[in-house]
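Accompanying notes for the structure given below.
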Amino acid sequence: MNHLIRPAIIASTVALLLSAATVSAAMYRYKDENGQVVISNTIPQEASKRGYDILSNEGRVIDTVAPAPTEEELAERAAEKRRQEARARRMEQDRKLLERYSNPDQAVRAMHRKILELQGLSQLKQGNISVIENQLDTEQARAADLERAGRDIPEATLKKIRRLEADIREIEQEINAQKAEIEAVKRQFLEDIKRLEVITDQQRTVPLEVPSDKPSK
């Protein structure tokens with residue numbers, strides 16, 4: 001039995017050696033800088049960038065290596081990747097948008113609710129300003145009476161006047177910030193509404209103007 005196994009092992013070893021010799025004997029076919037076909041057992045680095053064929057020792061093509069991409073091709077690949085990423089982001093944004101609103105009219109009504117809410121807060125703040133202004137008028141009138149009487153205005157009164165004036169300025173800044181927020185909300189909702197008209201193929205029927213919360217006469 002051992003005599004039978006040994007020849008088989010030898011035959012396998014020879015086959016492996018022959019295979020290795022075949023691979024080592026591979027040749028390269030490429031074009032030089034003048035466009036001439038060259039077959040050689042080595043390949044220059046510059047030629048390898050232009051692409052080449054790997055040949056067996058019988059001259060058959062074993063494999064083909066594509067040319068290295070040009071700068072224009074690399075730029076186009078990068079641009080295409082960015083386009084694909086942008087499409088993926090848009091699809092995800094559309095999916096989330098449809099989770100919030102099923103049609104454009106639903107988004108319009110949501111915009112109305114949000115704007116009315118912000119406007120209501122601004123009205124409350126404006127009412128606070130009116131209250132503070134009345135307090136300020138009272139303190140300023142008291143200070144004016146003291147001045148006309150030739151008396152000094154107490155420091156506590158002056159501090160209260162400055163505090164009331166500062167409170168008014170602070171609330172006015174808050175109101176201005178809410179006005180800017182309302183405009184930002186409008187812009188975002190308008191973008192969403194237009195996009196919903198596209199992806200749902202439905203046109204809004206509800207007017208964009210915010211309805212007045214005052215009762216009609």
Computed label-point distance, nm, for sites Asp105 and Ala79 using a 7 Å Cα→Cβ extension: 4.4
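Length gain on complete extension for the stretch Lys49 to Glu165, per 0.36 nm per residue less the alpha carbon to alpha carbon distance?
Going from the current span to full extension adds 34.2 nm.
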Potential lengthening between Val198 and Leu98 on full extension [0.36 nm per residue; Cα-Cα distance subtracted]: 34.8 nm
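For the chain, what does the helix formula give at 222 nm: sum of -39500 (n - 2.57) over DSSP H segments with n ≥ 4, over the residue count, nearest 500 deg cm²/dmol?
Helices in the chain give a 222 nm mean residue ellipticity of -25000 deg cm²/dmol.
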Rounded to 10°, Cα long-axis angle of helix 104-148 versus longest principal axis of the chain: 40
Amide N of the range 110-152 lying under 11 Å from the label point, which is placed 7 angstrom from the Cα of Glu181 along Cα→Cβ: 115, 117-122
Protection proxy ranking, peptides 37-50, 100-113, 164-177, average beta carbon neighbours within 10 Å, highest first: 100-113, 164-177, 37-50
Members of Lys49/Lys81; Lys125/Lys159; Lys159/Lys179; Lys81/Lys179 lying beyond 32 Å, as alpha-carbon distances in this model show: Lys81/Lys179
Principal-axis tilt of helix 2-24 within the chain, Cα atoms, nearest 10 degrees: 60
Arg148-Asn57 pseudo-label distance in nm [points 7 Å out on the Cα-to-Cβ vector]: 12.2
For the range 26-68: Kirkwood Rh in Å [reciprocal of mean 1/r, alpha carbons]: 10.1
Between 0 and 90°, nearest 10: helix 155-200 axis offset from the chain longest Cα axis: 40
5 angstrom amide H check on Ile62, placed H, neighbours 5+ away: Ile54, Leu55, Ser56
Whether the range 102-200 is rounded, prolate or oblate, judged on the alpha carbon gyration tensor where a/c under 1.5 counts as rounded: prolate
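No value in this document is a laboratory result; all are computed from the given coordinates. Everything quoted here is computed from the prediction, not taken from an experiment. Heads up, the Cβs are rebuilt from the backbone with ideal geometry, glycines too, and the neighbour counts pull from every protein chain shown.
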